[in-house]
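Novice: The structure's right below; bear with me while I get my questions together.
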Amino acid sequence: MKIIHAKDYDDMSRKVANLISAQVILKPKSVLGLATGTTPIGAYKQLIDWYHKGDVDFAEVSTYNLDEYRGLSGDDPQSYRYFMNHQFFDHIDIDKDNTHVPDGTDLDVEHACKSYDQLVKDAGYVDLQLLGIGRNGHIGFNEPADAFSKGTQCVDLTPSTIEANSRLFDNPDDVPRQAYTMGVQTIMQARMIVVAATGADKAQAVHDMIEGAVTPQCPASILQLHTNCWVVADAEALSLCQGE
């Protein structure tokens, strides 16, 4: 793993955006794997700013998001498709037909998962995968488990993940209890992975990801085995790492 130190959230966001923009500039037809949640919002804002300044262009880019809540349609304000449109896609020149999110309205789990896996495979897998990390070490919605997941799966969200996501809902009881998520094996197929993390509440997860044992009890720990993984984090997030 390559560690990039950031001063704070804004600095982390700029550094993450730098890595993404470099990928797109060098390969205009890049396939990007994107993430939701509060962590990447700053990076998306920076990329939007650079797009409007003419520094980066997304016209030929295609994207594949990590996950979506099962049961939510793309026009639901709490869906990840809505999030991506509102936070990023609506503000750049990307072709919406080239942006992909698991279909939360497809309640046939087997069909929904196999369909998304096929889309990612047909794209040749991802050039750059952006990840956040959960407080329990999850990546995407791949929660701690007895084995690493392979392809897209439907997962039951853990109480800690539901609690973390409840800040985005008016009522915590409205947080969906299931989601479709790209599997760990698929994430590892990405040619480059960028993990973004800030804050003391992520310190234990970041430590376990970088310096802990490789175990499905901390899904992010498998990233130690990736040959081109970058971690962009601030001092608080790296505070428990001995080598940092």
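The values are calculated or read from the model by the stated rules, or taken from the named source; none is laboratory data. Computed from a predicted structure; not experimentally measured. Note: ideal-geometry Cβ built from the backbone for every residue, glycine included; neighbour counts use all protein chains shown. When the accessible area is computed, the model is the full protein with side chains, heavy atoms only, and any ligands, DNA or RNA have been set aside. Shrake-Rupley method; radii C 1.70, N 1.55, O 1.52, S 1.80 Å.
Novice: Which percentage, to the nearest 5, of the DSSP beta bridges contained in the chain is antiparallel?
Specialist: Among the beta bridges of the chain, antiparallel pairing accounts for roughly 30 percent.
Novice: Enumerate the calculated ³J(HN,Hα) couplings along the stretch 132-149 in order (Karplus 6.51 cos²θ - 1.76 cosθ + 1.60, θ = phi - 60°), each rounded to whole Hz, writing x wherever the residue is Gly or Pro.
Specialist: Rounded to whole hertz, the list is x, 9, x, 4, 9, x, 6, 10, x, 10, 7, 7, x, 8, 7, 8, 6, 6.
Novice: Further, regarding this structure: Using the Kyte-Doolittle scale, which helices in the chain average at least -0.5 and also have C-alpha atoms spread 15 Å or more along the helix axis, with helices defined as whole DSSP H runs? Write out the running numbers ahead of the final one.
Specialist: On the way: long enough: 9-26 (26 Å, 0.29); 41-52 (17 Å, -0.28); 109-122 (20 Å, -0.76).
Span-like helices in the chain: 9-26, 41-52.
Novice: Another question, if that's okay. Can you give me the relative contact order of the stretch 11-151 as a percent, contacts being Cα pairs under 8 Å and 6 or more apart?
Specialist: Values: 196 pairs, mean separation 38.6, N = 141.
Taking the mean separation of contacting Cα pairs over the length of the stretch 11-151, I get 27 percent.
Novice: Treat the stretch 177-244 as a sphere of radius equal to its Kirkwood radius over Cα pairs and apply Stokes-Einstein at 37 °C in a medium of 0.692 mPa s; give the translational diffusion coefficient in µm²/s, rounded to a whole number.
Specialist: 259
Novice: Right, here's the next one. Would you grab the residues whose amide H sits under 5 Å from the one on V194? Only those 5+ places off in sequence or on another chain, please, with H modelled 1.01 Å from N.
Specialist: Close amide H contacts, sequence-distant or interchain: Q129, L130, L131, W230.
Novice: Using a 1.4 angstrom probe on heavy atoms only, work out the carbon and sulfur share of the accessible area of the chain in %. Walk me through the intermediate numbers first.
Specialist: Working: 5190 of 10740 Å².
Here carbon and sulfur together make up 48 percent of the probe-accessible area.
Novice: Could I ask something else about it? Per residue, how many Å² of accessible area does the chain show with a 1.4 Å probe?
Specialist: Values: 10740 Å² over 244 residues.
Per-residue accessible area for the chain comes out at 44 Å².
Novice: Oh, and also: Check which residues have an amide H placed less than 5 Å from A179's amide H, if you skip close sequence neighbours.
Specialist: R70, V155, L157
Novice: Out of V206, I139, T152, whose Cα points farthest toward the positive end of the dipole of the chain (charges: +1 Lys, Arg; -1 Asp, Glu; placed on Cβ)?
Specialist: Farthest towards the positive end: V206.
Novice: Near the amide H of I3, under 5 Å away, which other amide H atoms are found, from residues 5 or more places off or on another chain, if H is placed in the peptide plane?
Specialist: Those qualifying (amide H under 5 Å, at least 5 residues apart or on another chain) are V231.
Novice: Per residue of the stretch 174-189, in order, report the coupling 6.51 cos²θ - 1.76 cosθ + 1.60 (Karplus, θ = phi - 60°) as ³J(HN,Hα) in whole Hz, putting x for Gly and Pro.
Specialist: These are the phi-based 3J(HN,Hα) values: 7, 5, x, 9, 9, 8, 8, 9, 4, x, 4, 4, 5, 4, 5, 6 Hz.
Novice: Which listed residue (N18, I92, N65) has the Cα farthest towards the positive end of the charge dipole for the stretch 1-115, taking +1 on Lys and Arg C-beta and -1 on Asp and Glu C-beta about the Cα centre?
Specialist: Final value for the positive-end residue is N18.
Novice: Within 10 Å, count the other beta carbons around each residue, average over each peptide in 135-141, 102-108, 39-45, and list them highest first.
Specialist: Ranking the peptides 135-141, 102-108, 39-45 by packing returns 135-141, 39-45, 102-108.
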